[in-house]
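Peer 1: Here it is, the structure in full.
The values are calculated or read from the model by the stated rules, or taken from the named source; none is laboratory data. These figures come from a predicted structure and were not determined experimentally. Cβ placement follows ideal geometry from the backbone for every residue including glycine, while neighbour counts extend to all protein chains displayed.
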């Protein structure tokens, strides 16, 4: 097994190890990432500032509706990537109104 500078996924006994050298750490998933995040079939999903390799983490993304400009209270799931506190504060306040009452906002920081 060799590690490269790009994200890589290895599966062994239903455990997936992901190395992301951009953030300098490993992620371990015992279930599909979409399941861990709570993304379900038919969900309305907003992805903000996602890294270019984001889709590589999903082996079995359910069929969802990706939304670019969400209306108020229309989104089931929002995943926001930020690199600093100022971006987080600004973008989370902009995206929060788009969440349904039962929606989830996931924030990823380096």
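Peer 1: What number goes with the only condition from (1) surrounded by 12 or more Cβ atoms within 10 Å (Cβ to Cβ); (2) without any contact (Cβ under 8 Å) to a residue 40 or more places away in the chain; (3) farther than 20 Å from residue 110 by Cα; (4) out of contact with any strand residue (DSSP E or B) (no Cβ under 7 Å at 6 or more places or on another chain) that residue 63 does not pass?
Peer 2: (1)
Peer 1: Give all pairs with beta carbons closer than 6 Å in which a residue from the stretch 23-50 that is part of a loop (DSSP other than H, G, I, E, B) meets a residue that is surrounded by 13 or more Cβ atoms within 10 Å (Cβ to Cβ) and at pLDDT 90 or above; count only pairs at least 6 apart in sequence or on separate chains.
Peer 2: As it stands, the answer is 38/104; 39/77; 43/64; 43/76; 43/77; 49/81; 50/81, since those pairs meet every condition given.
Peer 1: Hey, another quick one. Looking at the stretch 90-108, can you tell me whether even one residue there is part of a loop (DSSP other than H, G, I, E, B), loosely packed, with under 15 Cβ neighbours inside 10 Å, under 18 Å from the mean Cα position of the chain (by Cα) and modelled with pLDDT under 95? Can you show your working first?
Peer 2: Step one: filter the stretch 90-108 for residues part of a loop (DSSP other than H, G, I, E, B), giving none.
Looking through the stretch 90-108, none of the residues is part of a loop (DSSP other than H, G, I, E, B), loosely packed, with under 15 Cβ neighbours inside 10 Å, under 18 Å from the mean Cα position of the chain (by Cα) and modelled with pLDDT under 95.
Peer 1: Would you say residue 47 is within 13 Å of residue 108 (Cβ to Cβ), within 11 Å of the chain's Cα centre (by Cα), modelled with pLDDT of 90 or more and surrounded by 15 or more Cβ atoms within 10 Å (Cβ to Cβ)? Don't jump to the end; show me each part of the working.
Peer 2: Numbers: within 13 Å of residue 108 (Cβ to Cβ): yes; within 11 Å of the chain's Cα centre (by Cα): yes; modelled with pLDDT of 90 or more: yes; surrounded by 15 or more Cβ atoms within 10 Å (Cβ to Cβ): yes.
The answer is yes for residue 47.
Peer 1: Still on this structure, I have one more. Scanning for something in a helix (DSSP H, G or I), more than 20 Å from residue 38 (Cβ to Cβ) and either touching a helix residue (DSSP H, G or I) at 6+ places or on another chain (Cβ under 8 Å) or in contact (Cβ under 8 Å) with a residue 12 or more places away in the chain (or both), does the stretch 75-87 turn up at least one residue? Spell out how you get there, then give the answer.
Peer 2: Looking only at the stretch 75-87, we keep the residues that are in a helix (DSSP H, G or I), and these are 85-87.
Now drop any that are not more than 20 Å from residue 38 (Cβ to Cβ), which leaves 85-87.
Subsequent filtering for residues that are either touching a helix residue (DSSP H, G or I) at 6+ places or on another chain (Cβ under 8 Å) or in contact (Cβ under 8 Å) with a residue 12 or more places away in the chain (or both) retains 87.
Yes, the stretch 75-87 contains a residue that is in a helix (DSSP H, G or I), more than 20 Å from residue 38 (Cβ to Cβ) and either touching a helix residue (DSSP H, G or I) at 6+ places or on another chain (Cβ under 8 Å) or in contact (Cβ under 8 Å) with a residue 12 or more places away in the chain (or both).
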